[in-house]
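Accompanying notes for the structure given below.
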Amino acid sequence: MFLRIVLLAFTLALSSCFLTPHRIDIQQGNYFDPEAVAKLKPGMTRSQVRFLLGTPLVADPFHPDRWDYLFIQRPEGKLELERRLTVWFDGDRLVRAVTDIPQSEAAPAAPAATAPAEGAQSALDQR
């Protein structure tokens, strides 16, 4: 009888070592494609930006000319991807956009004929 109890306790203790809780994949915020971010141009209206990127995650009532987009992906509870994009407007027109997407992902290299003129400021600033 004692041997059965010890064997049962040992089996339960050993099986608990292999049991781990399931961690779900978590995606929060707006997924924004690097190609869509590359399409942002100064002078776009708020509705055009909303059509391109979706509704902003944070529309601050204290800063109505600033929209923040955030995307976080956590498979099994571990942070894998975090992207941030902030756009500023002057009235109804896009003035500036800042993102943490690397330049290599944001847009393919533009041909020399369509490269911006020297001194021209890009609508997309990289952090």
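The values are calculated or read from the model by the stated rules, or taken from the named source; none is laboratory data. Bear in mind that the values here come from a model prediction, so they are computed numbers and not experimental data. Note: ideal-geometry Cβ built from the backbone for every residue, glycine included; neighbour counts use all protein chains shown.
Being in a loop (DSSP other than H, G, I, E, B), surrounded by 10 or more Cβ atoms within 10 Å (Cβ to Cβ), modelled with pLDDT under 85 and of a type in the set (Gly, Ala, Ser), is that true of even one residue in region 91-113? Within region 91-113 (the criterion being in a loop (DSSP other than H, G, I, E, B), surrounded by 10 or more Cβ atoms within 10 Å (Cβ to Cβ), modelled with pLDDT under 85 and of a type in the set (Gly, Ala, Ser)), the answer is yes, since at least one residue qualifies. Name the single residue, out of those in region 6-23 being surrounded by 10 or more Cβ atoms within 10 Å (Cβ to Cβ) and either polar (S, T, N, Q) or within 36 Å of the chain's Cα centre (by Cα) (or both), that is modelled with the highest pLDDT. Here the answer is 11. Taking only region 32-47 into account, find how many residues are touching a Gly at 6+ places or on another chain (Cβ under 9 Å) and among the hydroxyl-bearing types (Ser, Thr, Tyr). Adding up the residues that qualify gives 0.
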